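First the structure, in the form of structure tokens, and then the observations on it.
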Amino acid sequence: MKKLTILLFAVTLLVGFSSVTMAQSTDNATISANANVVQDMVVGNEFEDLEFNNILVNSAKFIDATDGTVTANGVTGGETRGYFSIEIISGTNVDLTLDVPLNLEDGSSNTLSIDFSDNGDAGTDLNGLVTETKPVGNASVTAITGATGSDFTLTTGVWVLDSEFAMPSGGLVYLALGGQVTATSDQEVGSYTGDITLTATVAD
């Protein structure tokens, strides 16, 4: 009878140890899945056409992107530099490409020479810049870091920003654009036009 009692006690102890071991065999923790939905890139919500207005035969007219200054060896008046607005959340890295015409056309196969370089004669820097200030009238504007005219490279009618820029805190910038048109001595009289397309892309 004494031996049986000891055996039952030993079994009871083993059951107790097993219960304690099972209580410590699982654990858990929790993390959160988070995402911020932000506004898509918006280009051209605000814009102004690059307007040369009247130009005399056998003359040239230059509009500066920085302050809208007009230089011409003919008539002046009614000119405006062009601009596009670019909007996205601040801190976003943005790439730019600017597709420009090689000539303006009058609809009858006649062309008018146009140049978008800073010296108006096939220069190496874009007559344009990215600024936080809306480029209206003759107000002078300043480029943001990494988006001056010298930060663009021309390749077959397309000006490409060499490296992306970071959108400033306001989430809104403008690409201001100037250019030069040149009418030859035998230029056909008429109205000439061409499309300028700005593409902004969120950098990878």
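The values are calculated or read from the model by the stated rules, or taken from the named source; none is laboratory data. As the structure is a prediction and not an experimental result, all values here were calculated from the model. Please note: Cβ atoms are built from the backbone with ideal geometry, for glycine as well, and neighbour counts cover all protein chains shown. All accessible areas refer to the heavy atoms of the entire protein, side chains included, with ligands and DNA or RNA removed. Shrake-Rupley method; radii C 1.70, N 1.55, O 1.52, S 1.80 Å.
Every residue in the range 178-204 that is over 31 Å from the mean Cα position of the chain (by Cα) and outside any strand (DSSP E or B), please. Matches in the range 178-204: T184, S185, D186, Q187, E188, V189, G190.
For the range 109-118, enumerate the residues that are touching a residue at least 24 places away in the same chain (Cβ under 8 Å) and not in a strand (DSSP E or B).
N110, F116, D118
For the range 59-82, enumerate the residues that are part of a strand (DSSP E or B) and either open to solvent by 30 Å² or more (accessible area, probe 1.4 Å) or not aliphatic (A, V, I, L, M) (or both). Answer for the range 59-82, where residues must be part of a strand (DSSP E or B) and either open to solvent by 30 Å² or more (accessible area, probe 1.4 Å) or not aliphatic (A, V, I, L, M) (or both): S59, K61, F62, V70, T71, A72, T80, G82. Could you check the range 161-170 and list, in sequence order, the residues that are crowded, with 17+ Cβ neighbours inside 10 Å and in a loop (DSSP other than H, G, I, E, B)? The answer is E164, M167. Could you go through the range 94-102 and let me know if any residue there is out of contact with any Pro (no Cβ under 6 Å at 6 or more places or on another chain), under 27 Å from V57 (Cβ atoms) and open to solvent by 30 Å² or more (accessible area, probe 1.4 Å). Yes: one or more hits.
D186 falls short of the stated requirement of being closer than 18 Å to Y83 by Cα and either open to solvent by 50 Å² or more (accessible area, probe 1.4 Å) or in contact (Cβ under 8 Å) with a residue 12 or more places away in the chain (or both). Of the residues making up the range 119-149, those that are over 19 Å from S85 (Cβ atoms), among the charged types (D, E, K, R) and in contact (Cβ under 8 Å) with a residue 40 or more places away in the chain number 1. Of all the residues in the range 37-58, those that are assigned to a loop (DSSP other than H, G, I, E, B) and either open to solvent by 60 Å² or more (accessible area, probe 1.4 Å) or in contact with a Gly (Cβ under 9 Å, 6 or more places away or on another chain) (or both) number 13.
Considering only the range 83-108, state which residues are among the hydrophobic types (A, V, I, L, M, F, W, C) and either part of a strand (DSSP E or B) or in contact with a Leu (Cβ under 6 Å, 6 or more places away or on another chain) (or both). F84, I86, V94, L96, L98, L104 - these are the residues of the range 83-108 that are among the hydrophobic types (A, V, I, L, M, F, W, C) and either part of a strand (DSSP E or B) or in contact with a Leu (Cβ under 6 Å, 6 or more places away or on another chain) (or both).
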